[in-house]
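A short write-up of the structure that comes next.
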């Protein structure tokens, strides 16, 4: 073997080693990003996989949600706003016994008002749930469940107990949105 051939073989082996190292680094980054998304989105991560049919598509969607929500301007509620929303919730909850259907609809409306006050877009339910999943992953499934139960009642497929459960689900999201406060100097979206 000539010196030139040996040098080419060594260079080829080094290039192959660099490719392998590069692949390992990329794989580790992918695993770290996947773990980060699973942790951040919780049950919504698995839901996105089922909805989109693949891990790659789901992760792309979840990353897009993060980007979209990262551009929103959230704000803390004033103490007066927080008290007002709390009182509105207590009032609607007290009306449940006499008007369960109305209380469930009112709970959904109050959630929308609270979301608007905090800076969330309230265009449509799926968009709202997707945005909420970024910073409120632990309670967004409650929102989905409440909506499903409320719609089932409107279609005649649910009973008063289902509406009670819907109110419990709405309350979980309501409480989470109402109590979140930012850390001084930190953007609101990092809390949750």
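The values are calculated or read from the model by the stated rules, or taken from the named source; none is laboratory data. Remember, it's a predicted structure, so these values are computed and weren't measured experimentally. Methodologically, a virtual Cβ is constructed for each residue, glycine included, from the backbone with ideal geometry; neighbour enumeration extends over all protein chains shown.
Observations on the model:
- Checked against (1) assigned to a loop (DSSP other than H, G, I, E, B); (2) outside the structural domain of residue 166 (by TED's automatic domain parsing), residue 97 passes all but condition (2).
- Of all residues in region 106-145, those that are touching a residue at least 40 places away in the same chain (Cβ under 8 Å) and either surrounded by fewer than 17 Cβ atoms within 10 Å (Cβ to Cβ) or over 11 Å from the mean Cα position of the chain (by Cα) (or both) total 12.
- Residue within region 112-125 that is in a helix (DSSP H, G or I) and farther than 19 Å from residue 178 by Cβ present: yes
- Just one of the listed residues (50, 19, 69) is in a helix (DSSP H, G or I) and at pLDDT below 90, namely 19.
- Residue match in region 124-136 (condition: over 22 Å from residue 66 (Cβ atoms) and either modelled with pLDDT of 90 or more or not assigned by TED's automatic domain parsing to the domain that holds residue 83 (or both)): no
- Residues considered: 192, 185. Of these, the only one that is closer than 23 Å to residue 73 by Cβ, touching a helix residue (DSSP H, G or I) at 6+ places or on another chain (Cβ under 7 Å) and modelled with pLDDT under 90 is 192.
- Residue check for residue 44: closer than 23 Å to residue 166 by Cα, touching a helix residue (DSSP H, G or I) at 6+ places or on another chain (Cβ under 9 Å) and not assigned by TED's automatic domain parsing to the domain that holds residue 114: yes
- Residue list for region 12-41, filter: within 11 Å of residue 62 (Cα to Cα) and either within 12 Å of the chain's Cα centre (by Cα) or assigned by TED's automatic domain parsing to the domain that holds residue 140 (or both): 37, 38, 40, 41
- Subset of region 72-83 (residues that are outside any helix (DSSP H, G or I) and without any contact (Cβ under 8 Å) to a residue 40 or more places away in the chain): 78
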